[in-house]
1. List every residue pair whose Cβ atoms lie under 6 Å apart, where the two residues are 6 or more positions apart in sequence or sit on different chains, the first residue falls within segment 28-44 and is within 16 Å of Y182 (Cα to Cα), and the second residue, located anywhere, is of a type in the set (G, A, S) and modelled with pLDDT of 95 or more.
2. May I ask you to verify whether R63 is basic (K, R) and either open to solvent by less than 40 Å² (accessible area, probe 1.4 Å) or closer than 21 Å to E301 by Cα (or both)?
3. Does V15 satisfy being open to solvent by less than 10 Å² (accessible area, probe 1.4 Å), under 23 Å from the mean Cα position of the chain (by Cα) and more than 29 Å from L111 (Cβ to Cβ)?
4. Just the residues that are among the acidic types (D, E), open to solvent by 50 Å² or more (accessible area, probe 1.4 Å) and in contact with a Gly (Cβ under 8 Å, 6 or more places away or on another chain), please, taken from segment 238-280.
5. Go through (1) in contact with a helix residue (DSSP H, G or I) (Cβ under 8 Å, 6 or more places away or on another chain); (2) open to solvent by less than 20 Å² (accessible area, probe 1.4 Å); (3) of a type outside the set (S, T, N, Q) one by one and return the number of the condition A83 breaks.
6. So which of R324, R328 is open to solvent by 40 Å² or more (accessible area, probe 1.4 Å), touching a residue at least 40 places away in the same chain (Cβ under 8 Å), farther than 23 Å from G185 by Cα and touching an Asp or Glu at 6+ places or on another chain (Cβ under 9 Å)?
7. Quick one: A137 ticks every box in (1) touching a residue at least 24 places away in the same chain (Cβ under 8 Å); (2) farther than 24 Å from M39 by Cα except a single one, so which number is it?
8. Report yes if A286 is under 18 Å from L3 (Cβ atoms), of a type in the set (A, V, I, L, M), touching a strand residue (DSSP E or B) at 6+ places or on another chain (Cβ under 8 Å) and open to solvent by less than 20 Å² (accessible area, probe 1.4 Å), otherwise no.
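The values are calculated or read from the model by the stated rules, or taken from the named source; none is laboratory data. Quick caveat: nothing in here was measured; it's all calculated off a predicted structure. Cβ: placed from backbone, ideal geometry, glycine included. Neighbour counts: every protein chain shown. Quick note on the areas: whole protein, heavy atoms, side chains included, nothing else; ligands and nucleic acids left out. Shrake-Rupley method; radii C 1.70, N 1.55, O 1.52, S 1.80 Å.
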Amino acid sequence: MRLRSAVAGLPSRVVGNAEIIDLIGQHSSDGFDGDLDGMLRSVDLYLRYAGSRERRWLDAGERPIDLLRTAANTALAQADTGADEIDLLIYTGIGRGFLEPGGAYHCAAALGLANAQCFDIIDACMSWTRAVHVAEALMRAGRASAALIVNAEFSLRFGGHVFPDLFRVERAEALASTFPAYTLGEAATATVLTADDNAPWEFQFTSRPDLAALCNVTLPGYEGFCDPDDKLAANGVGRFSSFGFEMHEAGTAEVLAVFERLEVDPEKVAALFTHASSKRDWQAMADKVGLGEVIHHVYPETGNIVSASVPAAIASAIDAGALRPGDRAVGWVGSAGMSFAGFSFVF
């Protein structure tokens with residue numbers, strides 16, 4: 001399977017760390033119990049420690065479908081592939097406007113894809129990687145020849161899972177489950193893949209379902225679908241709850257272990273693409289496995305863009321000339337669930 005193109009569509013509003021701090025201060029000023037200024041200094045310290053500078057949010061009048069459509073049409077043009085040639089469309093990720101039917105059908109309608117099988121894959125920040133894995137398997141089985149994988153990770157709208165509720169902090173201890181929300185950005189991506197038996201991909205996955213309670217967006221009635229855990233709905237039902245510090249602490253060994261299962265020579269890897277959850281942590285792990293010089297970060301400019309992280313980094317590397325045809329690349333992801341993956345391909 002060949003990755004023919006990857007394109008990211010970023011919204012126009014640039015939100016720096018200072019604006020995040022101001023928003024938390026504004027929404028927390030009336031009900032905070034304790035030293036508000038001290039809590040805000042902690043958030044600022046954590047953001048800078050992780051390597052965060054800014055992220056992109058939708059501006060007034062911008063719509064996810066428009067950014068997705070532009071990214072997809074650009075990706076198809078760059079891949080020299082017509083809409084009628086796409087026989088598989090997978091919509092991935094958390095950001096979505098529909099529980100039913102799959103968002104892929106509405107995307108196919110917007111893009112004029114008349115010949116594509118359509119379905120969604122939801123696996124938190126691992127979603128894009130899972131979708132690529134499924135597409136590769138279908139192509140090897142002769143069930144697909146040209147795939148378009150898209151996502152629209154837009155979760156910062158007013159009244160959504162994050163804003164403004166998670167910016168309304170009542171005590172400093174709440175940061176344990178709210179801090180990752182302050183790193184979030186928004187993006188749409190589109191990736192074109194075509195069948196090629198001479199270009200196999202390698203995938204390695206592992207899961208830690210015992211850590212599933214660490215990062216969730218619950219639905220009403222969720223209690224009947226799981227065993228009790230006091231971390232679930234920590235910020236309220238329907239709100240994003242993520243114990244990011246615990247996730248990174250528990251996940252580091254798993255991330256390193258899944259990488260070790262990849263059959264790649266670090267000296268032959270031209271580019272490394274990771275989940276955009278922390279520049280500092282991923283840089284440290286890349287240094288540990290000998291790929292610190294080739295990691296391609298987008299986190300400082302985009303923030304955590306969830307399942308769009310890896311395809312956006314690939315798009316950025318292609319644009320910058322850091323990934324060229326014939327280069328070997330590695331993807332490396334840790335996700336809620338928790339799940340971990342390493343994969344390798346030749347561009």
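1. M39/A172; L40/G25
2. Criteria met by R63.
3. Considered against the rule, which asks whether it is open to solvent by less than 10 Å² (accessible area, probe 1.4 Å), under 23 Å from the mean Cα position of the chain (by Cα) and more than 29 Å from L111 (Cβ to Cβ), V15 comes out as no.
4. Hit for segment 238-280 is E267, nothing else.
5. Just one mismatch for A83, condition (2).
6. R328
7. Condition (1) is where A137 drops out.
8. Numbers: under 18 Å from L3 (Cβ atoms): no; of a type in the set (A, V, I, L, M): yes; touching a strand residue (DSSP E or B) at 6+ places or on another chain (Cβ under 8 Å): yes; open to solvent by less than 20 Å² (accessible area, probe 1.4 Å): yes.
For A286, the condition - under 18 Å from L3 (Cβ atoms), of a type in the set (A, V, I, L, M), touching a strand residue (DSSP E or B) at 6+ places or on another chain (Cβ under 8 Å) and open to solvent by less than 20 Å² (accessible area, probe 1.4 Å) - is not met.
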